[in-house]
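These notes are about the structure you will find just below.
FYI, it's all coordinate maths here, none of it is from the lab. Since this is a predicted model, take the numbers as computed values, not measurements. Note: ideal-geometry Cβ built from the backbone for every residue, glycine included; neighbour counts use all protein chains shown.
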Amino acid sequence: MHINDTEVVALLGALSDAKGPSGFEDEVLDVVRRFCEGWARVDENTLRDGLVTPRSFTGEKPVLMLDAHGDEVGGMVRAIHASGAMSFVELGRFSPGALDGQDVWVRATDGSWVRGVVGVKPPHFWSEAERAAGRGTLVLDVGATSREDAIGRFGMGMGEPFVPATSFSFDDRTGIAHGKAFDCRAGVCAMLLALRELSGRDDLPFDVVASVSAQEEVGERGVAAAARHFSPAVAFMFEGCPADDTFAPADEVQAALRRGPMFRYFDRCMITNPRYQRFVLGVARECGLPAQTSVREGGGTDGGPVHQLDVPCVVAGVPCRHVHAGTAICALEDVKVAAEVAVAVAERLTPEVVAGF
């Protein structure tokens, strides 16, 4: 599989910069449509799932569904206060303290985006209770001076989303990317590269499709609808998984940068089909592609809802440091290897092999 680094960087950057918190994935799907132009059709449902069907789809073969979720952790305006500041709820779950002082984009009611900040009460004004807790009150602030100003001048409204205002960057020398939403835009990037490669293969015993599923961060909501749409016989999921190589003891590191995609045996939503997992890891070894494995005590992926539909699933996680915060880090080589493993697996899957899972 030939992968052009310049194209991968451009795709990852466009996906990362797209503003797409759970339920508002429209900009992500715009990027997907541009990438798929000429070789695949992208439909969407009311959940904002992107349903990608290559032109090579025959409708006569069993279906292998690739999946990666398109949403990111973000927030939503809950109320606009008399001062012009706003209270909010999180869409998904940020790491504790990650939002404090975070630069954000807030969507206005006309669809434009307004710069703001998740403001923290200065310690000068903390109450004794706040001092004891070590944290002040958070507000969403775009610079308005009153409720009327927030609505009239800035276009703020209840129910409007916000996301971190982080800009993507890539260092050619180190191969390291910085950006927001690598959970799971790094996975979406790898998935699209793999799907395009497989779309040109008419010798496969499966029709290969993909879902850019919605609302994963609020409970893996979109992928079940995508699976019902495609009725797959087998699924291969991608994730931007939390790397643990900066804080876990050396013997406990299970998702490190530059060691390839991470395949989990267990998390809170799925015990991975052990026969499928063994098959995938065997393919990676056969092809000389790096892969790592994990047993997770927390977390969950789109594999959870889909495996409950009696569809065998594995999850290829691109290791990303500092997910669920304003800025994450990933290595471009891990994105590329995740795509390569998926292609190698698809080349070797047969209906008979899947029946043995």
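Using just its DSSP H runs of length 4 or more, each adding -39500 (n - 2.57), the chain gives a mean residue ellipticity at 222 nm of -8500 deg cm²/dmol after division by all residues.
Per-residue 3J(HN,Hα) values for the range 26-35, derived from phi via the Karplus relation 6.51 cos²θ - 1.76 cosθ + 1.60 with θ = phi - 60°, read 4, 5, 5, 5, 4, 5, 4, 4, 4, 5 Hz in sequence order (x marks Gly and Pro). For the range 207-357, the Kirkwood radius over C-alpha pairs fed into Stokes-Einstein at 10 °C and 1.306 mPa s yields D = 101 µm² per second. Comparing mean-square fluctuations of Val139, Val234, Val315 from a GNM of the chain with C-alpha springs under 10 Å, the top value falls on Val139. Just to confirm the number: angle between the C-alpha axis of helix 332-348 and the first principal axis of the chain, 0 to 90 degrees, nearest 10? With both axes taken from Cα atoms, the answer is about 40 degrees. Once the C-beta distance of Asp30 and His81 is scaled by a Förster radius of 30 Å, the resulting FRET efficiency is 0.35 to the nearest 0.05. Look at where the Cα atoms of the range 191-205 and of the range 115-149 average out, and the two centres are 50 Å apart.
Over all other residues within a Cβ to Cβ distance under 13 Å of Ala256, the charged ones net out to -3, with Lys and Arg as +1 and Asp and Glu as -1. When the square roots of the Cα gyration tensor eigenvalues are ordered a ≥ b ≥ c, the ratio a/c for the range 204-296 is 1.5 or more and a/b does not exceed b/c, which makes its shape oblate. Loop-located GluC sites (Glu not before Pro) across the range 8-102 with a Cβ neighbour count of 12 or fewer within 10 Å are Glu37, Glu60, with loop assigned by DSSP. For Asp171 and Ala132, a Förster radius of 45 Å and the Cβ-Cβ distance give a FRET efficiency of 0.60, rounded to the nearest 0.05. In terms of its alpha-carbon gyration tensor, the range 144-230 comes out oblate; a/c meets the 1.5 threshold, while b/c is at least as large as a/b. Quotient of the Cα radius of gyration of the range 74-164 and 2.2 N^0.38 Å, N being its number of residues: 1.07.
Against the empirical 2.2 N^0.38 Å (N residues), the chain has a Cα radius of gyration ratio of 1.02.
Of the GluC sites (Glu not before Pro) in the range 215-309, the ones in a loop by DSSP (not H, G, I, E or B) with at most 14 other beta carbons within 10 Å are Glu297.
Taking a cut-off of 17 Å, what percent of all Cα-Cα pairs in the range 125-194 are separated by more than that? More than 17 Å apart: 70 percent of the Cα pairs in the range 125-194. Between rounded, prolate and oblate, where does the range 295-357 land on the alpha carbon gyration tensor, with a ≥ b ≥ c its root eigenvalues, rounded for a/c under 1.5, else prolate if a/b exceeds b/c? Oblate is the answer for the range 295-357, as a/c is 1.5 or above yet b/c matches or exceeds a/b.
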